[in-house]
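> The structure is given below, and queries will be raised subsequently.
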Amino acid sequence: MNRRPVAPLCAALCAVAAVFANGSGVAGEIRIDGSACAAAVHLVARDAPLSDVLKRLGNVLDFQVIFSSESDPRVNIDVVRAPIELVVRLAPLENMSMTQARNPRCPDRERIVRLWVLPSARGGDRAATAPDAVQVRAQEEQARQAQAGVNVILSAHGIPSSGGQAEPQ
């Protein structure tokens, strides 16, 4: 019996096993215990990309993940938390947004419906840091109402108001 062809095969298999044991060729370990109705979820992630962890959480907890970040940091965590707290804790430095809704299958519980991990806003990126039109209109309306209140008080005391400014007497 010729054992020579088996030796190179064993050496190759040992090399592949060493690479996988080292972790450089693996996406990492992700374990999730819990469900969409659970008060808390147990997440264990070892050297796994954040995008993979969030996508797996989305599959287990039934929410959509849109991952658009330029970075995909590795996650090492072993934690038990409510689903919303868990997502926030996973990526405290990421630019995230989520929509939530009542969970019809689980009374008195909110669930994540959709999660976005967005690109980071850059200091020079004016569009990313500028307030949107709805916010600007809301702030203008709030200022207008405040000025109207000031005008009512001034007129109640016999003080005329002109152009939003009280004239000194």
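Just so it is clear, none of the values below were taken in a lab; they were calculated from the coordinates. Remember, predicted model here, so these are calculated numbers, not experimental data. Here the Cβ positions follow ideal geometry from the backbone for every residue, glycine too, while neighbour counts run over all protein chains shown.
> Could you pull out every residue, at least 5 positions away or on a different chain, whose amide H is within less than 5 Å of the one on ASN95? Hs are placed 1.01 Å off N in the peptide plane, and Pro or chain starts have none.
For ASN95, the qualifying residues are LEU118.
> Which of LEU93, ASN103, GLY34 sits farthest toward the positive end of the charge dipole of region 24-118, with +1 on the Cβ of Lys and Arg and -1 on the Cβ of Asp and Glu?
ASN103
> Tell me the net charge near GLU29. Cut-off is 14 Å between Cβ atoms, GLU29 excluded, with +1 for each Lys or Arg and -1 for each Asp or Glu. Walk me through the intermediate numbers first.
Working: positive: ARG31, ARG46, ARG56, ARG74; negative: ASP33, ASP47, ASP52, ASP78.
Residues near GLU29 contribute 0 overall.
> Nearest 0.05, what FRET efficiency do SER68 and ARG46 give at R0 = 35 Å with Cβ-Cβ as r? Mind dumping the intermediate values first?
Working: r = 25 Å, r/R0 = 0.71.
Rounded to the nearest 0.05, the efficiency is 0.90.
> Can you give me the long-range amide H partners of VAL41? Hydrogens built in the peptide plane at 1.01 Å from N, cutoff under 5 Å, separation of 5 or more residues or another chain.
Counting only residues 5 or more places away or on other chains, the set is ARG81, ALA82.
> Would you pull out the residues with amide H under 5 Å of ARG114's amide H, same chain only if 5 or more places away, H placed 1.01 Å from N?
Those qualifying (amide H under 5 Å, at least 5 residues apart or on another chain) are GLN64, THR99.
> Then there is this: Give me the extension gain from GLU85 to GLN135: residue separation times 0.36 nm, minus the current Cα-Cα distance, reported in nm with one decimal.
15.3 nm
> Additional query: Packing-wise, with mean Cβ within 10 Å as the measure, how do 74-86, 93-105 rank, highest first? The partial results should precede the final answer.
Values: 74-86: 15.9, 93-105: 12.9.
So the peptides 74-86, 93-105, ranked by packing, come out 74-86, 93-105.
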